[in-house]
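Right, one structure below, let's go through it.
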Amino acid sequence: MNEDIKKILVTKEQIQKRVQELGKQLTKDYAGKNVVMVVLLKGAAHFATDLSEAMDIPVRMEFMVVSSYGDSTQTSGCMIIRLDIQDDIAGKDVLLVDDIIDSGLTFANIKKMLLAKHPASIKTVALCDKKARRTTGFNADYSGFQIPDEFVVGYGLDYAGEYRNLPYIGILKPSVYARA
Ligand code: PRP
């Protein structure tokens, strides 16, 4: 285990199993539809790749880069769109994918922006759901794991750009971010 990790919250095996379950569910729910995954980089890259492979239907991928946290552990509430989707999503069934829903601001804002492009439908899926931190009434349509109010990293989740490549989701030692 990485020395900056206090505890492993979700193992690699648990992630793989849950992603397969979500993939099966989405395959059923989106059967016969034109699915476009809108993946929020960088955090959702790992999850979206594995989830799309677990879906037994054609899936197009679009990417957005949205920053709300900077290098802090607290949400700033301010959002910067650094990269927007490239293709037209009008009439398509959009699945917005993120690594974590925390305050809910990211999903709420991006969903509103994408709705203005007239998709047939738009739903959200988050790998992790940190309900204790919700400041909006927004909930994901699908989520992988309910997680406690701890700073988690791994499988796409970062602290200051690091730890995304850990194969598990772990709680970061507070001493790591206390240094900042
Ligand atoms: C993180 C995370 C979500 C968002 C969730 O993004 O990846 O997109 O915050 O928080 P919210 O529900 O409070 O809006 P970040 O800006 O850290 O970008 P990253 O994906 O590159 O890590």
For this session: Give me the accessible area per residue for the chain, probe 1.4 Å, as a whole number in Å².
Result: 50 Å²
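Could you please state how large a percent of the accessible area of region 108-153 is carbon and sulfur, counting protein chains only and using a 1.4 Å probe? Before the final figure, lay out the partial values.
On the way: 1110 of 2160 Å².
So the carbon and sulfur contribution to the accessible surface is 51 percent.
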Exercise. What is the distance, in nm, between label points placed 7 Å from the Cα along the Cα-to-Cβ direction at residue 31 and at residue 16?
Worked result: 2.8 nm
For this session: May I ask which of 12/92; 42/92; 123/173; 17/131 have a Cα-Cα span longer than 26 Å here?
Result: 12/92; 123/173
Seminar exercise, completed: For residue 24 and residue 160, extending 7 Å from Cα along the Cα-Cβ vector and measuring point to point gives, in nm, a value of 4.2 nm
Exercise. To the nearest Å, what is the center-to-center distance of region 95-164 and region 32-51, using C-alpha atoms only?
Worked result: 12 Å
For this session: Express as a percent, rounded to the nearest 5, the fraction of DSSP beta bridges in the chain (both residues included) that run antiparallel.
Result: 30 percent
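Using a ≥ b ≥ c from the Cα gyration tensor of region 13-145 (square roots of the eigenvalues), is it rounded, prolate or oblate, where a/c under 1.5 gives rounded and otherwise the larger of a/b and b/c decides, a/b for prolate? It would help to have the intermediate numbers written out before the result.
Values: a/c = 1.71, a/b = 1.20, b/c = 1.43.
Because a/c hits 1.5 or more and a/b fails to exceed b/c, region 13-145 counts as oblate.
The values are calculated or read from the model by the stated rules, or taken from the named source; none is laboratory data. Computed from a predicted model, the values in this text were never measured in an experiment. All Cβ positions, glycine included, derive from the backbone under ideal geometry; neighbour counts span all protein chains shown. Surface areas here come from the heavy atoms of the whole protein model, side chains and all, with no ligands, DNA or RNA. Shrake-Rupley method; radii C 1.70, N 1.55, O 1.52, S 1.80 Å.
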